[in-house]
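All remarks here apply to the structure that follows.
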Amino acid sequence: MTPNTISSTTEPASTPAEFRTAVASQAFDKMIVFEDVSKFYGEVLGVNRVNLQIVPGITSLVGPNGSGKTTLMNLMTGLLKPTSGRISVLGTSPSHPETVFQKLGYCSQFDSFPHGATARGFIEFYLRVHGFTTQESTELTHQALERVSMLEAADSKISGFSKGMRQRVRLAQSIAHNPSVLVLDEPLNGLDPMARAEIIRLFRQLADAGMYLIISSHILHEVDMMSDSVVLLHNGYIVAEGEVHGVRDEIDEHPIQILIRCDRPQILAARLFEHEHTVEARIHDDRQGLFVKTRRPDDLYLLLNKVITEHALRVESVAPVDDDLNAVYQYLITSDGGQG
Amino acid sequence: MESTFENDEQPAAGSANRGSSWSLWMRQTLAIMGLEIKKNFLSRRAFLLYLIAGSPLVLLSMLALFPPPTDDMENFSQLGMVYAGIYGGLILRTLIFFGCAWVFMNLFRGEVVDRSLHYYFLAPVRREVLLIGKYLSGLIATIVLFSLTTAGSMLILYFWLYPTESRGFFFQGAGGGQLFTYVGVTILACIGYGAVFLIVGLFFRNPIIPGLLLYGWEWINFLLPPLLKKVSVIHYLQSLVPVHMSEGPFAVLAEPTPAWISVPSLLLFTGVVLFLASLHIRRVEISYAGD
């Protein structure tokens, strides 16, 4: 995978004029299109001169923190206005929320909910704001909660939920009105390995049904598992875009570091070292967590489930750590005369 | 930023049965009001509103614990002036002003602080509809509470001091009319101040300073030349109260604006402010950073 030259589902156009010609030749109401889009926060660059066409399937926006992933998503959903350029979501401008959000759902990273809301009440309410009747809202809410396996906790207050449960409620809310475009900002954050696998399966089902899923992630192995194509961002620029297999080779070369917050990390460390792909295990300074480097995170997650069950460990969170990703980026954006 | 790719009439597979625009907007407005009214009355933020609205009732009720000071207030007709002072100085200029500031500034600013505004912005609802829904919910909360404050404090004051005379005053005399006029002024105050504070909350990240500046402007209204008096909400409201009290030796006197001008002027002013707010809200971005 080299910057802007990888095999691509949408051959990148090198200039805005070429891009416009390329877009005009295709049915733009079947794509999400960024045309020469820039966003500046005052003098700070958000994204610069982005030209992008997104087709059905799972497209991952990948990049380290501050690379412009969330900015692109917020632009696509109208939460931010572009400083210059144009955006179209299946033929509709994001500046018309009354139209665009009939076909778009956005699961943002903002981890906040109305005070005192239950999962069911929260989703139902926003469906009513969509214009659905009470009965339709009730049915759609039930379906959405079922899809994310949250029916049992549906009537509990969200304030008592774990981070993963809150994430699933937000996900349910974003898919409840059956949109054809789903924008998901770090949707797997805070989920345990089982829930991650389940949610990735759901994404796959939705994509196979013809939906557009735009997912941001800084976890390359997740991108590898679920994406049809990737857009690699760095410092507000698209440095590469295309099909996912180009990223896969790079991931295999670079171990991923995972932080597992738990009690008795020493037990976990001892067991995880039995795993042949574990490169390193280091106990956190506060002795309430373990850093593990592995080349096969999926295998590690399976083993982790086993160890948790066997030793009745109390696991608070399992989350990949950024550093390794940055290393891969550095590699990706500087190799082959890259733009890093 | 308008797109050249506009195709906004394209229906979406998963969209609601939207019906005509008006019926959809009505449903959406009612849905928004449902939640917002609940928040205005039952959230933690509502506590301060109850405190503001309830304070004159509590204070006047406490007076009932003591025998009426009939020596100081032998003339029943003085009560009209006393209440005019309480209403104009305390209820209208201070309590309704700050109550409206609290409720209407928080309609959007509060959601930004709570980081929950994006849920509304991510729904297929025109932002103008959202603005109207929120404004009406704020209006209902403030009108209900401050009308009770206005009527309650007047009734407590009168019936505490002169229960017998007050019965006649309210049921056969001018009292009923005065009461309704005061409540009417309260409703207009909520409408006018509500619109002002809604737009202040939309435009300013920290609306306290503009709120205090407005408070100062409304307070010094009696010192302003007649032309400048008209650039305020309080001037029109004061013109409508049934009993006019003296504004002191330093007041610049000006003819009260007649009701047939005051009421439409306030409503027109409110309409203009809401129109400007609706233009602005279409351009509002959400980043939450720094809020």
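No lab work stands behind these numbers, since they all come straight from the coordinates. Every value quoted in this text rests on a predicted model; they were computed, and no experiment measured them. Note that each Cβ is placed from the backbone with ideal geometry, even for glycine, and that neighbours are counted across all protein chains shown.
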Of all alpha-carbon pairs in segment B:147-291, indicate the percentage at a distance above 22 angstrom. 53
Assuming a ≥ b ≥ c are the square roots of the Cα gyration tensor eigenvalues, decide whether segment A:138-188 counts as rounded (a/c under 1.5), prolate (otherwise, with a/b larger than b/c) or oblate. oblate
As a quick test, which of the pairs A:Lys103/A:Lys157; A:Lys30/B:Lys38; A:Lys69/A:Lys103; A:Lys163/B:Lys39 have an alpha carbon distance above 30 angstrom in this structure? A:Lys30/B:Lys38
Near A:Leu80, within a Cβ-to-Cβ distance under 9 Å, what is the net charge of the other residues, with Lys and Arg +1 and Asp and Glu -1? +1
Give, as a single signed number, the net charge of other residues whose beta carbon lies under 11 Å from the beta carbon of B:Gly201, with Lys and Arg counted +1 and Asp and Glu -1. +2
Using alpha carbon centroids, what distance separates segment A:136-159 and segment B:96-117, in Å? 29
Classify segment A:130-273 from the C-alpha gyration tensor, please: rounded if a/c falls under 1.5, else prolate or oblate depending on whether a/b exceeds b/c. oblate
Which of B:Met105, B:Met245, B:Met154 moves the most in a Gaussian network model of chain B with Cα springs under 10 Å? B:Met245
Kyte-Doolittle at least 1.0, axis length at least 15 Å by Cα - qualifying DSSP helices, chain B: B:46-63, B:127-161, B:175-203, B:259-281
To the nearest whole number, what is the average tally of beta carbon atoms from other chains within 10 Å of the beta carbons of peptide A:120-131? 6
Difference of contour (0.36 nm per residue) and Cα-Cα distance, A:Asp263 to A:Thr133: 42.1 nm
For segment B:158-205 and segment A:202-216, what is the centre-to-centre distance using only Cα atoms, to the nearest Å? 57
Antiparallel versus total DSSP beta bridges in the protein assembly as shown: what percent is that, nearest 5? 65
What is the distance, in nm, between label points placed 7 Å from the Cα along the Cα-to-Cβ direction at A:Asp111 and at A:Ala209? 2.8
Quick one: Cα centre-to-centre distance for segment A:163-198 and segment B:208-252, in angstrom? 54
Candidates B:Ser20, B:Ser147, B:Ser262, ranked by Gaussian network fluctuation over chain B, Cα under 10 Å, top entry: B:Ser20
Nearest-0.05 FRET efficiency for B:Leu267 and B:Gln172, computed from C-beta distance (R0 45 Å): 0.85
Taking amide hydrogens as modeled 1.01 Å from N in the peptide plane, which residues meet the under 5 Å criterion relative to A:Leu90, leaving out close sequence neighbours? A:Met31, A:Ile32, A:Val33
Any idea how far apart B:Ile209 and A:Gln288 come out in nm if each label point goes 7 Å out from Cα toward Cβ? 4.0
Could you check how many percent of all C-alpha pairs in segment A:28-160 are farther apart than 28 Å? 31
Could you work out the relative contact order of segment A:146-192, using alpha carbon pairs under 8 angstrom and six or more residues apart, expressed as a whole percent? 44
Amide H contacts under 5 Å for A:Val183, placed H, 5+ residues apart: A:Gly105, A:Tyr106, A:Cys107, A:Ile214
